[in-house]
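All remarks here apply to the structure that follows.
None of the figures in this text is laboratory data; all of them are computed from the coordinates on show. None of these values were measured; they are calculated from a predicted model. Cβ placement follows ideal geometry from the backbone for every residue including glycine, while neighbour counts extend to all protein chains displayed.
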Amino acid sequence: MMKRLLLSLILLTGTIFAQEQQQAEPVDSAKVWFSIGRDYLNKNMFEDAIRNFKRSLRCNPNFIPAHLELAKAYIGIGTSYISKGISDTGYMFIDSAEAVYWKIREIDSTDSRGLQGLGFIYSVIKKDYNKAIEYYKSALSVDPENVDALYGLAKVYQNIGEKTAADSVYKAAVNKNPNSVGINYSYGLFLVELSRYDEAIPYLERALQLGIEDKDKEKEVLVAIVKSGVEGGKNKKELYQKVLPYADTLIKIDSTNYVYYIYRGDIYAGIGKRAQALKDYDAAINLSDNNPVAILKKAMYLTYDLKLYNDAVPVIQKLIGLPELTDYYKALGYFLLGDAYFGIANSTYQNAKAKGNRAGAGEAVRYYEMAKDAYTNA
């Protein structure tokens with residue numbers, strides 16, 4: 001009797017254990033296939049990713065992470081086809097992604113990520129901004145803490161020119177997640193677009209501090225910081241000094257890019273470092289093989305900032321003498337030459353007047369005539 005009881009207990013325990021294993025297996029298998037799918041997705045092997053996410057969902061049809069990654073894979077392959085001009089096939093995959101996002105909504109009405117995904121599709125791919133706004137707002141009504149939905153909504157407002165709304169939503173997003181590289185990056189560039197340079201710099205700096213993996217985007221942020229300092233420094237001088245290290249960094253990254261030397265030359269000019277500014281402008285001229293913009297920068301600095309008119313004249317003449325110079329730059333050059341000659345004429349006249357030098361006054365008249373001729377050519 002005791003043996004029979006023990007045998008029954010062993011069989012019962014084994015049956016329960018087997019049932020538990022069978023119940024646990026679908027979830028575990030779903031996670032295994034999901035993990036494999038993510039590996040493929042990270043390598044942009046979208047078809048393999050889709051196949052494995054579908055396997056995951058056959059094990060557990062309500063496994064939302066697999067649905068989310070499946071939608072990403074559909075979007076990845078869809079946009080790839082669209083970029084190659086195979087739009088019909090591409091949008092078929094995009095529609096599949098849309099269906100997946102709706103499925104997430106069916107599985108769990110409290111999960112806002114499906115609606116957020118729909119917002120992404122309609123904002124970035126289908127460019128139907130009204131629908132995108134509707135979906136992002138719906139996502140936020142489900143989960144006000146969905147920062148990705150806030151970020152997406154801000155980008156939509158920015159794209160349609162609703163700058164005040166975009167600014168407000170960006171602020172909400174960055175306040176909720178101040179450590180997001182993407183939000184700091186986008187909001188900083190948005191503020192640059194609005195010419196709010198002083199406000200932009202801290203967000204762009206924060207994005208750099210957090211780490212930007214894409215080297216092109218990192219360079220874009222560095223350039224935006226430097227340009228913000230150059231433009232903002234006109235009204236707030238301390239910005240020049242603040243962004244100087246970033247200009248140095250750009251030149252270390254690419255010492256052959258003449259534009260970076262122009263930026264740094266502008267900064268040095270702003271903080272009154274004349275020799276360094278002229279040196280950088282000369283470097284820009286040499287590296288660019290006499291690009292008219294680089295020559296103009298030096299000529300304008302000599303003429304308007306330093307008022308070294310005699311030094312400016314040969315630089316301007318070099319500009320005007322460039323072969324195949326466009327009419328636009330030629331007109332600028334002659335106008336600048338007129339200003340330089342006018343400056344020489346004024347200083348010559350003032351010196352002659354102070355010394356009672358009639359010959360000097362005559363020389364001033366000659367420069368006035370030269371200025372007049374230059375303006376006429378402009």
- Message: At 7 Å along Cα-to-Cβ for each site, give me the label-to-label distance between residue 88 and residue 255 in nm.
- Response: 5.6
- Task: Can you check what the net charge comes to around residue 304, using other residues whose Cβ is under 12 Å from the Cβ of residue 304 (Lys, Arg +1; Asp, Glu -1)?
- Result: +1
- Task: Throw me the Rg/Rh for the chain, computed over C-alpha atoms with Kirkwood Rh, two decimals.
- Result: 1.25
- Radius of gyration and maximum dimension Dmax of region 178-289, Cα, Å: 13.9, 44
- Query: Per the Kirkwood formula on distinct C-alpha pairs, the Rh of region 291-378 is how many angstrom?
  - Reply: 13.1
- What longest region of the chain stays clear of GluC sites (Glu not before Pro) that DSSP places outside H, G, I, E and B and that have at most 14 other Cβ atoms within 10 Å? 1-144
- Message: On a straight-distance basis, which aspartates and glutamates could pair with residue 318 in a cross-link, Cα separation under 17 angstrom, same-chain partners fewer than 8 positions away excluded?
- Response: 282, 289, 327, 339
- Query: Of 112, 123, 255, 29, how do they rank once you tally other Cβ atoms within 10 Å and put the fewest first?
  - Reply: 255, 29, 123, 112
- Message: Can you give me the distance in nm between label points at residue 141 and residue 289, each placed 7 Å from the Cα along the Cα-to-Cβ direction?
- Response: 6.0
- Sequence-separation-based contact order of the chain, relative, with Cα cut under 8 Å and 6+ spacing, percent: 6
- Message: Using Cα-Cα distances under 8 Å and only pairs 6 or more residues apart, what relative contact order does region 178-289 have, in percent?
- Response: 19
- How much mean residue ellipticity at 222 nm does the chain get from its helices, if each DSSP H run of length 4 or more adds -39500 (n - 2.57) and you divide by all residues, to the nearest 500 deg cm²/dmol? -27000 deg cm²/dmol
- Item | Gaussian network model of the chain, springs between alpha carbon atoms under 10 Å - residue of 355, 171, 297 with greatest fluctuation | 355
- Any chance you could count the Lys pairs in region 178-289 whose alpha carbons are under 23 Å apart, treating pairs 8 or more apart or on different chains as valid? 26
